[in-house]
Amino acid sequence: DTEVTQTPKHLVMGMTNKKSLKCEQHMGHRAMYWYKQKAKKPPELMFVYSYEKLSINESVPSRFSPECPNSSLLNLHLHALQPEDSALYLCASSQGGTSGGFQETQYFGPGTRLLVL
Amino acid sequence: GDSVTQMEGPVTLSEEAFLTINCTYTATGYPSLFWYVQYPGEGLQLLLKATKADDKGSNKGFEATYRKETTSFHLEKGSVQVSDSAVYFCALSDYTGNQFYFGTGTSLTVIP
């Protein structure tokens, strides 16, 4: 099983709402990633978790709050978002979780398409 | 710093045409190189990778060779199909594996 699942598939939220994006993998991977992708652009790295600990935070605004409750799950909590945060949010995982993890293959989920009104 | 420069798109080809998407990189040491593909409405999938100079990655008829002398990792396919229509991203992991860079992506449309 090389699948990363993400829910919901689509999400529309107002600027005062609180919502969460969920990501799950059952490949035994120990590194998990959140990316943001705007239309016709490459994905931009937001966060990396390694062994359930936050290892990279790419200066993401605090209205995005990641959480890794266990080795299979990754959440992204959203609060007070802005319309410019509308994008496709991609989750990925890779095997290692130790330093040098980006040399590994990342397995991506299908993404959550978020619209902030 | 390290970076990836990818051929501008969009690219439109007829079915069975030959495909080349250029990718060059700037990096210290020996990075790992990847091609990811994103089909419409989906996440990214690894297409192929190469981890050292002169390695050739291949998958689904696509090939790319890690050329240290020209710092390139061009993607090629001898005969494209309509189902190959997608956005292709060249990517690089630095020699430590602690940094990762995507190219800007090249949109490919194959027409029957």
Segments A:12-18, A:82-88 sorted - mean Cβ within 10 Å per residue, highest first | A:82-88, A:12-18
Would you mind giving the average projected area, over all directions, of the Cα convex hull of chain A in nm² with one decimal?
-> 6.7
Excluding A:Glu58 itself, what net charge comes from residues whose Cβ is under 10 Å from its Cβ, given Lys and Arg +1 and Asp and Glu -1?
-> 0
Project the alpha carbons of the protein assembly as shown onto their principal axes and report the range along each, largest first, in whole Å.
-> 50, 40, 34
So what's Rg/Rh here for segment A:40-83, counting alpha carbon atoms and using the Kirkwood radius for Rh?
-> 0.99
Taking a quarter of the surface of the Cα convex hull of segment A:13-52, what do you get in nm²?
-> 4.3
Please go through the residue pairs B:Lys49/B:Lys77; A:Lys18/A:Lys38; A:Lys36/B:Lys60 and name each one whose alpha carbons sit more than 24 Å apart in this structure.
-> A:Lys36/B:Lys60
Residues other than A:Thr7 with Cβ under 14 Å of its Cβ, Lys/Arg counted +1 and Asp/Glu -1, net out at +2
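Values in this text are rule-based calculations from the coordinates and carry no lab data. These figures come from a predicted structure and were not determined experimentally. Note: ideal-geometry Cβ built from the backbone for every residue, glycine included; neighbour counts use all protein chains shown.
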